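The values are calculated or read from the model by the stated rules, or taken from the named source; none is laboratory data. Because the structure is predicted, anything quoted here is derived from the model rather than measured. Reconstructed Cβ throughout: ideal geometry from the backbone, glycine too, with neighbour counts over all protein chains shown.
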Amino acid sequence: MEPLPFSPRTNEGLDNTSGEEDAAEEALRFRVVTRKDKTPREPPRLQHVVDKAVAWGPTIMPLSKVLDDREREILDMERQQRKDIEGVRDCFTIQGVLSTGECERLVQAAECQGFEYWAEEAHAASSTGSISRSHVAARANHSYRSAYTLEVEHPDLADLLWQRVRGCVVQEVCFSDDDPERFERDLDGTWEACGVNSTFLFARYTSGENFGPHTDGCTIRDFNSRSLWPMVIYLNTPEKGGETVILSEEQKGLPLKTDEAGRFTADAECVVYECKPKIGNALLFYHTQMHEGRPVGSASVKYIIRTDVMYRRKEPLFTHPTDREAFALWMKAQLLAEKGETDAAAVLFRRMTKASPKLAHFYGL
């Protein structure tokens, strides 16, 4: 994520600014970016923070109605196969994560529940053609990403998928100064794969809809548990288009281009790999890997599930209850800052520094 543009308050001529206020302002500048170098490593993302309701998966799509015992036996016999993508570090596909029947029933259940446009403001701007400042930004969002989504919390599906992919994922990863490409301050140490994220984002892309170049965020449960490898599961095979394009690091330093329809896209020279959607297969990559969802072809549709492989730190840090409380405050403050609510975020950052001076020091506050 990019640091939030923020001009801290100053008290010229005064010398009574508290250490807590200084720490809060520093935290607002620091925000999510915890790499040793504070240089942004990706172009600005044109998305808003969007709060949407989360459906309870076991109710709207119970596994008893999704799974077929015969299909399950076939999958268990064939086992899932991993194929590494040449020239891209720790990027790979897994074949046969879901059966064709399972994919079709998941799509049907998602459609019955109903999809919503990912950003209603962008949808309204696109439909009305309004030229107000907020709608100009929203229309830019529409050109950057156009999709309908449904968020589902489904622990049962997460457990099932973990049983199927656990032998194919990156089992263990170590972060240190020796690997500056990936090192982030709060990732220090060795992490092991422990499951699939139980929060699933179902997405539907129809003719011409796309997702411009971007990197994925993390799901952070606590200081010692988070997602590191996003997983895209294809629920159908579009007749045309909809490829997931893996991009080189060079794209992060380049401006985005636009195609003939005004949609944001990557520089053609930065395309490393194109993954064609195939029903039941999955694509995985490290979360800072830049990628793009190509427009879906005419009269076609693409359905996917976006989730993650979760990891836990082998030697946990900051496990005291006060440290855990402070980290929760840190996360809430960052979310507020992401939404532009800097005053409310500053209050939580101050509370965080009080709750755990050690954690605040760890973050350089």
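Observations on the model:
- Flag for Thr206 being surrounded by fewer than 22 Cβ atoms within 10 Å (Cβ to Cβ), among the polar types (S, T, N, Q) and closer than 18 Å to Thr149 by Cα: yes
- Inside segment 265-288, residues that are surrounded by 15 or more Cβ atoms within 10 Å (Cβ to Cβ) and farther than 30 Å from Leu75 by Cα make up a count of 7.
- Checked across segment 294-305, the condition of being under 22 Å from Arg82 (Cα atoms) and not hydrophobic (A, V, I, L, M, F, W, C) holds for at least one residue.
- Selected residue [closer than 30 Å to Phe115 by Cβ, among the small types (Gly, Ala, Ser) and buried (at least 22 other Cβ atoms within 10 Å of the Cβ)] from Gly262, Gly293: Gly293
- Members of segment 191-203 that are surrounded by 14 or more Cβ atoms within 10 Å (Cβ to Cβ) and more than 30 Å from Gly242 (Cβ to Cβ): Trp191
- Whenever a residue of segment 150-170 is within 10 Å of Val196 (Cα to Cα) and of a type in the set (Gly, Ala, Ser), its partners that are outside any loop (DSSP other than H, G, I, E, B) and at pLDDT 95 or above, lying with C-beta atoms within less than 9 angstrom and at least six residues away or across chains, give the pairs Ala158/Gly57; Ala158/Gly195; Ala158/Val196; Ala158/Thr199; Ala158/Phe200; Ala158/Thr307; Ala158/Met310.
- Glu338 meets each of the listed conditions (1) under 30 Å from Ser248 (Cβ atoms); (2) modelled with pLDDT of 95 or more apart from (2).
- Selection count, segment 330-365, where residues are on the phi > 0 side of the Ramachandran plot and over 25 Å from the mean Cα position of the chain (by Cα): 1
- Picking from residues in segment 310-341 that are assigned to a helix (DSSP H, G or I) and out of contact with any helix residue (DSSP H, G or I) (no Cβ under 7 Å at 6 or more places or on another chain), the one that is farthest from Ile220 (Cα to Cα) is Pro321.
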